[in-house]
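The structure appears below as structure tokens.
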Amino acid sequence: MNIVLGITGGIAAYKAPDLVRRLRERGGDVQIVMTTSAEEFVTGTALQAVSGRPIRSNLWDKEAEAAMSHIELARWADVVLIAPATAEVMARIVSGGAPDLLTTICLATEAPIAVAPAMNHVMWNNPATQANRRVLEERGVHILGPGVGSQACGETGAGRMIEPDAIATAVFDLGTSKGEGLLAGKKVVITAGPTREPIDPVRYISNRSSGKMGYAMARAAIAQEADVVLISGPVNLPEPAGVEVHSVLSAQDMYEATHDAIEDADIFISAAAVADYRPADVKAQKIKKNDESMSIELVRCPDILASVAALDTGPFTVGFAAETEKVDDYARSKLEKKKLDMIIANRVGDDCGFDTDDNSVNVFWTDGERRFPTARKSELARNLIELVAQRFYAARGTDTQPRLTVVSNIE
Ligand code: CTP
């Protein structure tokens, strides 16, 4: 795997030689690109010795550019990894600015980008950094860590760069070498977000789903080279790159779009919060209030997940269960009742689940289970997609047993 390793100016840059060694041990060909501030923390001589390649740092270095231009470097990369990544480099990538060689490569590459943030915990928690982190995730940049613990500044909190070994493992698990993604050649259909069930021309019944988990699953499936069709209810999220998105509003629309897409699908992941009921009668004109109480008659919406699971030669089917209590019990009974291959259960309430960036889930299948501690939805989705792939191949009787690596945000 060809890895462009960007090193930026954080104290964790002293771990860079160890990171290079671990990437090379796994078969990586590492080209280091340092920023000027990184040179304050680690010497190019040490890095050149461990990487076995001349260090690149200056966009205007005529000799180096003649040997391999920044555009060639951007094309050469199977992955661009930035470790440590400062708040500054994250902000630069978000803005699309390209003042130096590293950010120019980020702008010019089509390879996946992974960043391992390293900074003081107050800087990490600053709303500006968190907003940048969210934008990067939404654009499909893989955020590795950071870890929680004591920091070089003497304080404690989230912001430490995760260990070089965990970074190297995560980079090789991105499934980036063409044709080697866990889901290469497989079609994955995913539903996400809420549905809206109209009452009259101006009102509807809906729920608090943000769609973040389903969108994160779509990005994680793309990273494993699946062909992804995302059937999305109304959400406020950018379309993930490389995904075929169908936007729908009601449960009935979502049902139809799903069945249109499902015929040749290998895996169906039902992450949408589909309404169970809709108004029996949608009024053509806005309902006017009066002094009486009012009631709306509701009828059942189609159960999309159960209908896909009931298909004779249907795909490997994965449901979600969002519960406020007895999470495991309710999830297991849904697994059985809807005849699913797998169910991913999480607790929802005022403080967790909906419209948050974090989640923790328990996954069940007929003869097994796995529990994932609280992590960002993007990280969780990566691990869930690996598990889905593993169970999919096991169910189809093939030998492929992908490794399962949890990139924890807690050291
Ligand atoms: N689902 C679906 N179509 C529906 C309702 C739910 O496809 N009409 C899917 C969801 O995408 C999710 C799973 O079914 O994967 C959730 O199961 P469900 O039993 O419907 O959950 P709840 O609606 O929370 O059910 P209950 O009210 O019984 O807890």
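The values are calculated or read from the model by the stated rules, or taken from the named source; none is laboratory data. These numbers were taken from a predicted model, which means no experiment stands behind them. Note that each Cβ is placed from the backbone with ideal geometry, even for glycine, and that neighbours are counted across all protein chains shown.
When the residues of the stretch 241-254 are filtered to those that are modelled with pLDDT under 95 and surrounded by 15 or more Cβ atoms within 10 Å (Cβ to Cβ), the one that is farthest from the ligand (Cβ to nearest atom) is GLY242. For SER57, the conditions (1) surrounded by 23 or more Cβ atoms within 10 Å (Cβ to Cβ); (2) touching a Gly at 6+ places or on another chain (Cβ under 9 Å) all hold with the exception of (1).
Given the criteria surrounded by fewer than 20 Cβ atoms within 10 Å (Cβ to Cβ) and closer than 24 Å to SER210 by Cβ, does GLU292 qualify? In short, no. Filtered by the rule that a residue be buried (at least 20 other Cβ atoms within 10 Å of the Cβ) and outside any strand (DSSP E or B), the stretch 225-240 gives GLU225, ALA226, GLY233, PRO240. Restricting the stretch 99-125 to residues that are part of a loop (DSSP other than H, G, I, E, B) and in contact with a Leu (Cβ under 7 Å, 6 or more places away or on another chain), the residue that is surrounded by the most Cβ atoms within 10 Å (Cβ to Cβ) is ASP100.
Listed here are the helices (runs of 4 or more DSSP H) enclosed by the stretch 1-91 that have at least 2 residues being within 27 Å of the chain's Cα centre (by Cα) and touching a residue at least 60 places away in the same chain (Cβ under 8 Å): 16-25, 70-76. Against the conditions (1) in the same structural domain as SER37 (by TED's automatic domain parsing); (2) buried (at least 18 other Cβ atoms within 10 Å of the Cβ); (3) farther than 25 Å from ALA241 by Cα, GLY145 satisfies every one except (3). Screening ALA257 against (1) modelled with pLDDT of 95 or more; (2) within 13 Å of the ligand (Cβ to nearest atom); (3) assigned to a loop (DSSP other than H, G, I, E, B) leaves a single unmet condition, (3).
The residues of the stretch 97-125 that are more than 21 Å from the chain's Cα centre (by Cα) and farther than 20 Å from THR36 by Cβ, listed by number, are ASN120, HIS121, VAL122. When ILE105, ILE93 are checked against the criterion of being in contact with a Cys (Cβ under 8 Å, 6 or more places away or on another chain) and either on the phi > 0 side of the Ramachandran plot or modelled with pLDDT of 95 or more (or both), ILE93 stands alone in meeting it.
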